[in-house]
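Notes follow once the structure below has been shown.
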Amino acid sequence: MTRSDTSTSLVKRRRSALMAGVVGLGLAGIVAGQMLPPAVAPAHAQITTSQPANTFSFADIVEKVSPAVVSVKVKKDAGEQMAMGDEGLGGNIPPQIEQFMRRFGFGGEGQGPGPMPRGPRGPKGERGVVGQGSGFIISADGYVVTNNHVVDGADEVDVTTTDGKEYLAKVIGTDPRTDVALLKIENAKDLPWVKLADTAPRVGDWVIAVGNPFGLGGTVTAGIVSARGRDIGSGPYDDFIQIDAPINRGNSGGPTFSLNGDVIGMNTAIVSPSGGNVGIAFAIPSETVKTVVAQLRDKGSVARGYIGVQIQPVTDDLAAGLGIKAAEGALVAQVQPNTPGAKAGLKAGDVIVKVNNEPIKEARELTRKVGMMKPGTEIQLSVIRDAKPITVAVKLDQLPNEQAARPGQPQQGDDDSDAAYKDLPRLGLQLSPAKGANGAAGEGVVVTGVDPNGLAAQRGFKTGDVILKVGDKQVTTPKDVREGLAAAKAESRKAVLIQVKGEQGVRFVAISLETKPRG
């Protein structure tokens with residue numbers, strides 16, 4: 001046997017012994033009910049960590065803030081019914097939020113929204129409707145914040161603190177647009193309270209939610225901020241914080257805390273197929289709550305700033321049509337007459353990119369910023385008009401309750417297939433001049449038919465829409481529309497903007513001029 005053979009034999013013997021040990025150890029682990037690691041610490045060894053035992057505990061912060069968190073119980077007169085709000089038991093949930101949650105599967109048998117449980121019979125045998133939610137005290141003299149949908153339509157509101165004390169509360173004011181309500185505990189003094197945070201949390205920050213899930217009383221959960229600036233379609237001022245701390249029915253109106261004990265948001269909605277937590281919850285930011293509460297406390301209602309323009313997002317196609325580089329800002333689709341925007345000289349086609357030198361990345365940012373300002377405030381708008389920057393000063397007015405813009409009635413007319421314009425993209429529209437009162441010419445050109453496979457259908461055109469402008473040209477006939485497309489093509493534009501009035505108001509639609517022309 002050679003030296004090489006001897007070495008190989010020795011290696012094989014050692015490997016066999018090692019494998020036998022491993023197998024034996026594995027069998028012993030199986031007999032003991034677990035697979036043991038190759039090296040087992042002696043029985044007397046103590047497993048230690050360099051971290052103190054209380055490092056990972058939320059107990060100190062929970063002990064500090066819990067006394068200011070309350071359960072809110074609501075009663076209504078007999079004969080009326082309250083809808084079960086999102087994750088909370090209480091109030092009439094705003095229809096936009098209800099629609100959002102149903103879109104994500106919230107609802108169904110036993111999952112709500114549904115009727116609230118009825119309370120005990122009154123002296124004449126009548127029954128009241130009882131709902132429960134959460135809230136939190138923000139001042140020593142008893143001001144309490146909760147959701148509007150928790151207390152909406154309530155005839156009586158009772159507040160219960162974590163130590164079991166019950167108080168009668170009065171609704172000072174509500175704001176359905178942001179789903180915020182302010183209550184006042186009568187004759188209160190020296191109550192524990194919590195502060196609304198001055199700074200926004202970052203994505204990934206730890207948060208603690210305290211509330212009244214399923215009517216159980218004070219309950220604490222923890223998680224992180226999953227996202228900011230969420231728009232769930234509940235209204236023009238959506239700016240929700242998304243968290244993954246477990247939130248359930250009854251947490252509506254309850255606070256979410258940072259680790260220093262400040263309220264960073266108020267819980268208001270969840271996404272859930274069962275009504276229970278799946279890790280997607282939404283809280284109203286403290287900045288919004290603070291602004292709304294200040295007005296509710298002073299006046300009992302909220303007055304919002306108003307420019308008087310209809311806006312839409314700037315897409316890549318729209319940016320190309322406008323001749324601007326970045327698809328950012330808020331595109332002015334229409335300026336209402338006799339409004340602050342009209343008086344300041346804003347025009348349809350303007351792109352608002354800053355408010356008081358603060359950038360506007362998305363159209364809804366403009367709505368939120370202006371809506372949180374008081375009427376009478378003068379602001380500076382940085383605007384791009386005809387691809388050039390200008391500054392416009394606007395003095396805000398108060399937001400009216402309702403605004404509406406409706407198209408004229410569609411009429412029969414010709415389509416846009418004229419052979420003279422064969423080098424232009426075919427929209428796939430049937431068009432007719434709009435008719436006003438007594439048969440006089442109306443505003444724009446009415447869409448009387450839409451080819452479902454055409455370019456216009458892909459851009460959202462519908463029968464009954466009214467085309468107001470093509471490029472910078474006002475239109476009153478179908479021929480005007482075709483000539484507007486031809487003029488933009490002659491200027492070597494990549495796209496042309498069409499101003500359209502529809503069911504949702506006035507908007508701009510970008511039509512690419514590089515699309516394959518009609519055949």
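The values are calculated or read from the model by the stated rules, or taken from the named source; none is laboratory data. Quick caveat, the model's predicted, so the values are computed rather than measured. When we count neighbours, we look across all protein chains shown, and the Cβ atoms used for this are built from the backbone with ideal geometry, even at glycine.
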Any chance segment 355-369 includes a residue that's farther than 18 Å from residue 229 by Cα and exposed (fewer than 13 other Cβ atoms within 10 Å of the Cβ)? yes
Collect the residues in segment 188-201 that are in contact (Cβ under 8 Å) with a residue 24 or more places away in the chain and in a loop (DSSP other than H, G, I, E, B), keeping them in residue-number order. 188, 189, 190, 191, 192, 193, 194, 195, 197, 198, 200, 201
I need every pair where a residue in segment 141-158 that is farther than 10 Å from residue 180 by Cα has its Cβ under 8 Å from the Cβ of a residue that is among the acidic types (Asp, Glu) and in a strand (DSSP E or B), sequence separation at least 6 or different chains. 158/166
Checking residue 491 against (1) more than 12 Å from residue 321 (Cβ to Cβ); (2) more than 37 Å from the chain's Cα centre (by Cα), the condition it does not meet: (1)
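Starting from residues that are in contact with a helix residue (DSSP H, G or I) (Cβ under 8 Å, 6 or more places away or on another chain) and in a loop (DSSP other than H, G, I, E, B), keep the ones in segment 336-356 and report whichever is modelled with the lowest pLDDT.
Taking segment 336-356 and keeping what is in contact with a helix residue (DSSP H, G or I) (Cβ under 8 Å, 6 or more places away or on another chain), we get 336, 349, 351-352, 355.
Remaining after also requiring in a loop (DSSP other than H, G, I, E, B): 336, 349.
Values: 336: 85, 349: 90.
Selected residue: 336.
With respect to residue 285, determine if the residue is buried (at least 19 other Cβ atoms within 10 Å of the Cβ), of a type outside the set (S, T, N, Q) and in contact with a strand residue (DSSP E or B) (Cβ under 9 Å, 6 or more places away or on another chain).
Working: buried (at least 19 other Cβ atoms within 10 Å of the Cβ): yes; of a type outside the set (S, T, N, Q): yes; in contact with a strand residue (DSSP E or B) (Cβ under 9 Å, 6 or more places away or on another chain): yes.
Spelling it out, residue 285 is indeed buried (at least 19 other Cβ atoms within 10 Å of the Cβ), of a type outside the set (S, T, N, Q) and in contact with a strand residue (DSSP E or B) (Cβ under 9 Å, 6 or more places away or on another chain).
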If you go through segment 357-383, how many residues are in a loop (DSSP other than H, G, I, E, B), among the small types (Gly, Ala, Ser) and in contact (Cβ under 8 Å) with a residue 24 or more places away in the chain? 0
Does residue 174 fit the bill of being of a type outside the set (Gly, Ala, Ser) and under 25 Å from residue 372 (Cα atoms)? yes
Any hit, segment 296-308, residues being surrounded by 15 or more Cβ atoms within 10 Å (Cβ to Cβ), part of a loop (DSSP other than H, G, I, E, B) and of a type in the set (D, E, K, R): yes
What are the residues in segment 210-235 that are in a strand (DSSP E or B) and either hydrophobic (A, V, I, L, M, F, W, C) or crowded, with 21+ Cβ neighbours inside 10 Å (or both), if any? 210, 211, 220, 221, 222, 224, 225, 227
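From the list 271, 180, 278, which one is modelled with pLDDT of 85 or more and not basic (Lys, Arg)? Steps first, please.
Values: 271 fails: modelled with pLDDT of 85 or more; 278 fails: modelled with pLDDT of 85 or more.
None of the other options fit; the residue is 180.
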Could you tell me whether segment 328-335 includes any residue that is over 26 Å from residue 489 (Cα atoms), at pLDDT below 95 and buried (at least 18 other Cβ atoms within 10 Å of the Cβ)? yes
For segment 188-220, give me each residue that is in contact with a helix residue (DSSP H, G or I) (Cβ under 9 Å, 6 or more places away or on another chain), at pLDDT 90 or above and within 18 Å of residue 59 (Cβ to Cβ). 192, 194, 208, 210, 220
Name the pairs whose Cβ atoms lie under 6 Å apart, with the first residue in segment 60-77 and in contact (Cβ under 8 Å) with a residue 12 or more places away in the chain, the second of a type in the set (Phe, Trp, Tyr), and 6 or more positions between them or separate chains? 65/257; 68/136; 68/193; 69/136
Residue count for segment 334-391, restricted to those that are of a type in the set (Gly, Ala, Ser) and on the phi < 0 side of the Ramachandran plot: 7
What pairs come out if I take residues in segment 337-356 that are farther than 24 Å from residue 326 by Cβ and pair them with residues that are outside any loop (DSSP other than H, G, I, E, B) whose C-beta lies under 7 Å away, six or more apart or interchain? 339/397; 340/306; 340/394; 340/395; 340/397; 342/335
Give 163, 238 a once-over and let me know the one that is surrounded by fewer than 19 Cβ atoms within 10 Å (Cβ to Cβ) and in contact (Cβ under 8 Å) with a residue 60 or more places away in the chain. 163
Can you tell me which residue is farthest from residue 143 (Cα to Cα) among those in segment 178-199 that are under 22 Å from the mean Cα position of the chain (by Cα) and surrounded by fewer than 17 Cβ atoms within 10 Å (Cβ to Cβ)? 199
With the checklist (1) part of a loop (DSSP other than H, G, I, E, B); (2) crowded, with 18+ Cβ neighbours inside 10 Å in hand, flag the one item residue 207 doesn't pass. (1)
